[in-house]
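What follows is a short report on a single structure.
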């Protein structure tokens, strides 16, 4: 039995158990199920699905490159209206960390 089949099987068992009014142990004994496995899958079925925001790139709408050779600063403007100005090698790590949080 593959993982998906096990998940479906145990979800069915948990759903059936909820309609019986029996304790988990009594239900497992009656059905010939391993009680520890039942507990594991019952807890797993009660945990909310976590959604992970996929990592990706932020769309940059405007990138201002300094025109003066004396300036080493960069400005980034995102579609959401967020802007980062004065970016240089000294603060680039901080800006990258902020962009990852968006």
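Every number here is computed from the coordinates shown, using simple stated rules; none is lab data. For clarity, every value in this text was computed on a predicted model and none was experimentally measured. Every residue, glycine among them, receives a Cβ derived from its backbone with ideal geometry; neighbour counts consider all protein chains shown.
Under 1.5 on a/c is rounded, so check that first for region 3-46, then, if it is not, pick prolate when a/b is larger than b/c and oblate when it is not; a ≥ b ≥ c are the square roots of the alpha carbon gyration tensor eigenvalues. Before the final figure, lay out the partial values.
Values: a/c = 1.70, a/b = 1.50, b/c = 1.14.
It is prolate, given that a/c is not under 1.5 and a/b is the larger ratio.
Going by how many other Cβ atoms sit within 10 Å of their own, how do 6, 42 line up, fewest first?
Numbers: 6 12, 42 16.
Going from sparsest to densest Cβ surroundings: 6, 42.
At 7 Å along Cα-to-Cβ for each site, give me the label-to-label distance between residue 78 and residue 39 in nm.
According to this spin-label approximation, the distance is 4.5 nm.
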